[in-house]
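This report concerns only the one structure given below.
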Amino acid sequence: MPDDFSAAASEVIQQTLRTLAAQNRLLLQASSCKNRQELKFHILNNTVSFIKYDRAILLESCGSGFKLLGVSGTVSPDVSENFSTLWQALASLYDSQKKYSRIRTTELSATGNIDENCLVAYNSQSGGADVLVFQMGAASEGLCLLLERWGEKNWRDKESEAFLPLLDGYAGLWSLYTKAEHSFFSRAAQRLSRKLILKIAVVLMVCLLIPLRLRIVAPCEIVARHPVSVASKIDGVIESIPVHAGQKVRHGDILIKMAPEVISEEYIAALQSFHETYAKYVSVRAGVVNDPDKMGQLVELTSQLRQDKARLKVAEYRRDNLIVRSPTDGSVIVTDPHELEGRPVVIGEKIMQITDPTDTMVRIYLPQDDRIDFPGDAAVSVILNNSATSSYPALLYYVSAQAVGSVHGGSAFIAEAYWKEQNKHSSLGAEGTAIIYGSRVPLFYWLLRRPLSVLRSRLGV
C-alpha cells in the first residue's frame, strides 16, 4: 500500500510538472514577442500545443460590440468576416460571474444578434461546435478569446481550468504592449499569476529532491564470452582457409592449410643431411679402434649428428603442423579468408577464433566523460539495433581502469556485462546501446552533473 501511494503521488507530481513546464514554455515564447501583432499570432496559433482546439478567435471590446482581432490559421481576419458577427455575438454571451462560458452552437437559436443563415452555415462547416469563451485580464481591458472544438469533440472542465493560469499570463503580457508607462518586465511580473509562480516554485523545489538513478548511455556490441584463439603453429605462408566466418565446426575439423613446398624441402634436406652425417659417424667409429687419431673426427661428427638430429625434429614438427585443426566445437570468427590466403605468418600469430554462439556477453564503450563509480553488479539494459523494440537485462561486472581508443571515436573505458539470462536473440557482432544504472541521486544533480563537469574542466577547479 505505501508503494502504491508513493507511485500515485509521484505520477501526480510528474503530471503537474509537465503541465507547468508546458505553460512556462508558452509564456517564455510569448514574452519574446516584439509587439502585439506577434503576441496575437502566438496566442492564436501556438496555444494549441497546450490545449487542443480546432480554431481560436481573439476579439476586443469596442463600444457596444466587439472588434475581431485575429483568427488562428489566417494572416488577416478579413478572410473570416463571414462568421465575424457570429463570433461577436458569442463573445457577448460571456457570463462575467464565471471564469469562462461554454456554448454549444447547435443549441443556439437565431436572435437579434445572431443571424440564422450565418448560424446554419457555421454549423454546416464545423459540424456543430463546442465553444469556450474566456475573458482575458480585467473586464476593463475588453479582451475575449474563443476556442472552438468541432463535431462531437467536447470540452472538459479539467482542461478549461488548467488553461486559466496560462490565460492570465497572456493577459499580463498583452497589457505590457498597451501601457507604455510601465517597463516590460515589471508589467509582466504584475500580470503573471502569483499563484502560478508559487506553484511552479514549490513543485520545482520538491521535484529537485526526488531521487533518480544515474544513467549512462553508451554504445555496445555482443562478443564471445569464452573465445578460443586459433594461431599458426609454425612460420610459413597460408595456402588456404577452407572455412568461412560463422561456419559451425567440430573438434578436429581442418581450419588452416599452410603452403607445404618450402617446409617439405626443408624436411627432405634435414633428413638427407642426418643420414649422411650418421653414415660418416658409423664409419669413423669403426676405424677408431685401429686408428686412435680419428678420435677427434669422431667427436666432431658426434656433435654434428646431434645438430642434424635437432634440425630434423624441427623439420618434422613443421611438416606435421602444416594443417591446423579446430581445438573445439563452435563457430568460426575470421576476417575475409581470401584476404588471408597467401599471407606469411609467424608462429603464434592469431588467425581466427572459435566461439560458442550461445555463450555471449556485452562489451560497452563508456565515453571518457561518463566514467562514474558504479555499484557492484550494476544493472544494465541492452537495446540492440536489430531489435530496437526490446531490451535485455544484464549485470555489469568489469570496467577498465584506463581509457583506450574506441572504435566509435575518441577515448573510452571498456566495460563488460553478463546477461541475467542468456540472450538467445542476440548474435555475435550485433551492435546497440547499453544503459547502465548507477546509484540514486537528487534530481538537481541528475540534471546538472554534465554541465557542472564541463564547467569545472574549463575553469580548472
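Here are the numbers:
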| quantity | calculated |
| --- | --- |
| Of all residues making up region 246-261, the number that are exposed (fewer than 15 other Cβ atoms within 10 Å of the Cβ) and either out of contact with any strand residue (DSSP E or B) (no Cβ under 7 Å at 6 or more places or on another chain) or not assigned by TED's automatic domain parsing to the domain that holds residue 348 (or both) | 3 |
| Of all residues in region 1-34 being more than 27 Å from the chain's Cα centre (by Cα) and of a type in the set (Asp, Glu), the one that is modelled with the lowest pLDDT | 3 |
| Residue ID - modelled with the lowest pLDDT, chosen from residues in region 408-460 that are among the charged types (D, E, K, R), closer than 17 Å to residue 378 by Cβ and assigned to a strand (DSSP E or B) | 440 |
| First in region 430-454 and within 25 Å of residue 220 (Cβ to Cβ), second anywhere and at pLDDT below 70 and not charged (D, E, K, R), Cβ under 9 Å, 6 or more apart | 432/426 |
| Every pair of residues 6+ apart whose Cβ atoms lie under 8 Å, when the first sits in region 76-99 and is closer than 15 Å to residue 132 by Cβ while the second is charged (D, E, K, R) and modelled with pLDDT of 80 or more | 99/161 |
| Condition met for residue 142 (of a type outside the set (Asp, Glu), surrounded by fewer than 18 Cβ atoms within 10 Å (Cβ to Cβ) and either touching a Gly at 6+ places or on another chain (Cβ under 9 Å) or assigned by TED's automatic domain parsing to the domain that holds residue 25 (or both)) | yes |
| Given (1) surrounded by 12 or more Cβ atoms within 10 Å (Cβ to Cβ); (2) at pLDDT 80 or above; (3) assigned to a helix (DSSP H, G or I), index of the condition residue 243 fails | (3) |
| Filter result for residue 210 (within 30 Å of residue 443 (Cβ to Cβ), under 37 Å from the mean Cα position of the chain (by Cα) and surrounded by 16 or more Cβ atoms within 10 Å (Cβ to Cβ)) | no |
| Residues within region 338-359 that are within 41 Å of the chain's Cα centre (by Cα), farther than 15 Å from residue 248 by Cα and not in a loop (DSSP other than H, G, I, E, B), tallied | 5 |
| Options 270, 245; residue that is farther than 30 Å from residue 332 by Cα and of a type in the set (Gly, Ala, Ser) | 270 |
| Filtered residues of region 250-267 (kept if acidic (Asp, Glu) and closer than 30 Å to residue 331 by Cβ) | 253 |
| Residue 313 among the basic types (Lys, Arg), in the same structural domain as residue 242 (by TED's automatic domain parsing), surrounded by fewer than 13 Cβ atoms within 10 Å (Cβ to Cβ) and touching a Ser or Thr at 6+ places or on another chain (Cβ under 6 Å) | no |
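The values are calculated or read from the model by the stated rules, or taken from the named source; none is laboratory data. Treat the numbers as computed from the prediction; the structure is a model and nothing was measured. All Cβ positions, even for glycine, are placed from backbone atoms using ideal geometry, and neighbour counts span all protein chains on display.
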